Amino acid sequence: MFLLLFPGMVQATPLTDAYASLVGEGGYTNTIVAMSFLDPYTEVCWVGGAQQFDQHPAGGSTAGGNCPPGAVGFVMEQDVRPQETWAEARSTCIAQGMRLPQPFEWLLVCPDALTLGLNDTANAPTTQWISNQPVDSGAGGLTVSTAGSNPNCTVVSAIQIADGQNRAREFRCAR
């Protein structure tokens with residue numbers, strides 16, 4: 001396979017079998033949208049069976065590059081946002097036409113975060129809010145997902161937010 005690279009473009013990397021089957025079988029159908037984002041962001045997509053990505057400055061458009069609008073993939077902010085409660089973080093992202101990342105998206109980008117231009121992931125272990133949907137909403141409150149950004153990117157947990165409890169975590173918005 002030959003890959004023609006242009007200035008500012010990065011080389012494609014093969015998908016792992018698990019991600020290839022998820023994307024190839026239609027289990028993941030999110031697509032890159034044609035728009036500009038206020039904050040610096042990275043696009044991650046799959047074109048021709050290979051994972052590709054583009055990094056953009058604040059205000060950059062998704063037009064052009066390796067991840068054209070309509071390609072299966074997602075956009076994730078490069079910089080982590082200050083701590084907020086899960087409800088506040090979710091609302092912040094929604095107000096900007098975005099959402100919290102899906103667990104699949106976070107687990108996919110975390111191991112290659114520095115290559116992808118995602119900041120504040122390789123330092124001291126932290127947890128970030130992921131998923132706009134609670135895992136459970138029982139009588140004791142909501143159970144929501146968090147993902148670790150430690151060097152191994154292996155920590156994904158669900159924590160319960162008891163009614164009236166204001167746990168705050170860092171987060172990024174995705175689309």
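Could you work out how far apart the two model spin labels at ILE94 and ALA50 are, taking each label as a point 7 Å from the Cα in the direction of the beta carbon, and quote it in nm?
3.9
Please give me the summed charge of the neighbours of GLY64: other residues whose Cβ is under 12 Å from its Cβ, Lys and Arg +1, Asp and Glu -1.
Numbers: positive: none; negative: GLU43, ASP54.
Neighbour charge sum, excluding GLY64 itself: -2.
Which length gain, in nm to one decimal place, applies between SER36 and SER61 when the Cα-Cα distance is subtracted from 0.36 nm times their residue separation? Write out the running numbers ahead of the final one.
Details: separation 25, 0.36 × 25 = 9.00 nm, distance 0.42 nm.
Residue separation times 0.36 nm, minus the Cα-Cα distance, leaves 8.6 nm.
Could you check the simple spin-label distance between ALA87 and GLN133, using points 7 Å along Cα→Cβ, in nm with one decimal?
It is 2.1 nm.
Considering only the other residues whose Cβ falls under 14 Å of the Cβ of SER36, what net charge follows from Lys and Arg at +1 and Asp and Glu at -1? All intermediate terms of the calculation are to be shown ahead of the outcome.
Working: positive: ARG175; negative: ASP39, GLU43, ASP54, GLU77.
Net of charged neighbours comes to -3.
Where does the charge balance sit around ARG175 when Lys and Arg score +1, Asp and Glu -1, over other residues with C-beta under 13 Å from its C-beta?
On the way: positive: ARG99, ARG172; negative: ASP39, GLU43, GLU77, GLU105.
It works out to a net charge of -2.
Compute the distance from the alpha-carbon center of segment 49-67 to that of segment 85-109, in whole Å.
Rounded to whole Å, the Cα centres lie 19 Å apart.
Read the figures in this text as sums done on the coordinates, not as results from a lab. The model shown is predicted, which means the values in this text are computed figures rather than measured ones. Because the Cβ atoms are built from the backbone with ideal geometry, glycine has one as well, and the counts that use them run over all protein chains shown.
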